[in-house]
């Protein structure tokens, strides 16, 4: 926290201790969140979640 505003990373875990989500806050603004899905072994990314500017981000990983 920075004053009364969230600033930095926050996270939560599922009951099995696997990561549920990571969030990034800058000066109280929620700028990024990544949700980790248990069944699909995938994740969903959002820029500016819960705002009018929300953008779903799709990052495709190239296999080597």
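The values are calculated or read from the model by the stated rules, or taken from the named source; none is laboratory data. All figures in this text were calculated on a predicted structure; none of them were measured in a lab. Reconstructed Cβ throughout: ideal geometry from the backbone, glycine too, with neighbour counts over all protein chains shown.
For the stretch 28-48, check the following and say yes or no: at least one residue is modelled with pLDDT of 90 or more and over 11 Å from the mean Cα position of the chain (by Cα). Yes, there is a match, as at least one residue in the stretch 28-48 is modelled with pLDDT of 90 or more and over 11 Å from the mean Cα position of the chain (by Cα). Scanning the stretch 13-44 for residues that are surrounded by 11 or more Cβ atoms within 10 Å (Cβ to Cβ), in contact with a strand residue (DSSP E or B) (Cβ under 8 Å, 6 or more places away or on another chain) and either in a strand (DSSP E or B) or free of Cβ contacts under 8 Å to residues at least 24 places away in the same chain (or both) yields a total of 17.
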